[in-house]
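Beneath this line is the structure, given in structure tokens, with notes to follow.
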Amino acid sequence: MSSGISEPERVASVTSALPDSKRSGYSGRLAVVMFGSPGSGKGTQSKFLVDWLRIPQISTGDMLREHIRRGTEVGKAIEARMRAGSLVSDELVNQLVYERIHQSDCDRGFILDGYPRTPAQAQEMMRLLGSVGAREVVIHLVVDYNVIIARMTGRRVCPKCGTLYNAVSRPPQVEGVCDLDGEVLGIREDDREDVVRERLTQYEASTRPLIEYFRKSSDRLFEVDASQDRPETVFGKIQDALDSLLDRTSVAVTAPAMAGMVTDGVRAR
Ligand code: ADP
């Protein structure tokens, strides 16, 4: 799995693995694009990548929630849409991402979590990456639709200490009660089933078609089966995918064979 390269050198190594012919306008910044439906584990895997690659995670969802928390003008404008599980405007998220990747901690690269989500965002992202000399690696987390619903609607949170539980994968010892402080567990507003379904509908309509866009416009797209495995196992697959960039003499990246698997969006009910 691991190439044995020391961690701080990994980003430089991965990015310099591109042959010269493919490097025009490219100075070696890595943009890892985490792509997948709500509940596919993008946030969890992004955090693993932060620790491994030592580059920051840019989560548009977190940035937007932070605006709401601080009560900014932006926050007030988007609150209702986010509550309902709808997407906020392309102009706004494009602007937030533009500002964020121009901060100095993104000099060596960054992880995009939850962006792009629409064709307009994808086009803007490609333009933006070109303008800052970054190259994308797209990681598509492929998860069965029914697994997503079970994961998201089964999520419970302790209102006191914030510990997350899941009826399927991480149940509390006593149903409905926090292991740590005995508090009655609650459901996050955007994990309610109607909101989850709306978020998935938005994903189906606006975001999932982007995979076709990436298949055509990016030669570095990896599709990773993230349905059944533990998060650490999924991360191992992502590491393998990124490591394979080091070994390759050509950058033509093809997805690992996924014979027989159910891709996300396929309703296997
Ligand atoms: P999830 O991927 O589980 O839906 P996120 O935290 O990424 O969760 O996003 C939460 C919400 O933030 C979305 O439902 C949407 O309202 C808003 N949002 C996040 N990223 C974007 C984006 N790139 N474009 C538009 N809206 C976004």
Query raised in the report: Among 43-53, 99-109, what's the highest-first ranking by average C-beta atoms within 10 angstrom per residue?
Result: 43-53, 99-109
Query raised in the report: Tell me which aspartates and glutamates have Cα within less than 14 Å of Lys76's Cα, excluding those fewer than 8 residues away on the same chain?
Result: Glu66
Report task. Mind checking the full-extension length gain between Ser131 and Arg188? Use 0.36 nm per residue of separation minus the Cα-Cα distance, one decimal, nm. Result -> 16.7 nm
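Considering just Cα atoms, how many Å³ per residue does the convex hull of the range 96-146 enclose?
Dividing the Cα hull volume of the range 96-146 by its residue count gives 96 Å³.
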**Report entry** Summed side-chain charge close to Thr60 - residues other than Thr60 whose Cβ falls under 10 Å, Lys, Arg +1, Asp, Glu -1
**Finding:** +1
Report summary line: Quick P(r) readout (the range 47-180; Cα-Cα; 10 Å bins; whole %) gives 10, 31, 35, 20, 4, 0
Query raised in the report: Quick one: Kirkwood hydrodynamic radius for the range 57-107, alpha-carbon pairs, angstrom, one decimal?
Result: 11.4 Å
Report task. Using Cα positions and a limit of under 28 Å, work out the lysines in reach of Lys237, with same-chain residues fewer than 8 apart set aside. Result -> Lys22, Lys42, Lys47, Lys216
Query - With 5 Å bins from 0: P(r) over the range 162-211, alpha-carbon pairs, percent - result: 5, 18, 20, 16, 14, 11, 8, 6, 2
Query raised in the report: What is the packing order of peptides 185-196, 161-172, taking the mean over residues of other C-beta atoms within 10 Å and listing the highest first?
Result: 185-196, 161-172
Query raised in the report: Asp181 label point, 7 Å along Cα→Cβ, cut-off 17 Å on backbone N: hits in the range 153-168?
Result: 156-165
Requested in this report: Set the Förster distance to 22 Å, then compute FRET efficiency between Gln103 and Ala77 from the Cβ-Cβ distance, nearest 0.05.
Outcome: 0.45
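Just so you know, all these numbers are worked out from the coordinates, no wet-lab data involved. Predicted model, so just to flag it, every value in this text is computed and none were measured. Note that each Cβ is placed from the backbone with ideal geometry, even for glycine, and that neighbours are counted across all protein chains shown.
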